[in-house]
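Here's the structure, in structure tokens; my notes come after.
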Amino acid sequence: MDTALQLRNDTHNSQFFRLPVDPRLVPDYAKIISNPISLKDISVKLESHVYLTKRQFLDDIKELGFTMAF
């Protein structure tokens, strides 16, 4: 899982998704994106062993992909 996350983190296109969106800078973000997640959030979850299954990790990656596509 760390390798997959590192590959995403290294791409040029991921720069806007590395950190959570600051609601002071984008106040309507939560209205548009119902489940916001960033690469930083995923990293913290990995380091804290929040993910009990690979499916949980992949669900967050999919959510991030949805956010990136939006």
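The values are calculated or read from the model by the stated rules, or taken from the named source; none is laboratory data. Since the model is a prediction, treat every value here as computed from it, not as a measurement. The accessibility values were calculated without ligands, DNA or RNA, using every heavy atom of the protein model including side chains. Shrake-Rupley method; radii C 1.70, N 1.55, O 1.52, S 1.80 Å.
A few remarks follow.
- The set of residues from region 17-47 being part of a loop (DSSP other than H, G, I, E, B), open to solvent by 70 Å² or more (accessible area, probe 1.4 Å) and of a type outside the set (D, E, K, R) comprises 19, 20, 23, 25, 27, 34, 35, 36.
- Applying the condition of being part of a loop (DSSP other than H, G, I, E, B) and among the β-branched types (Val, Ile, Thr) to region 48-67 and asking which residue is farthest from residue 19 (Cα to Cα) yields 53.
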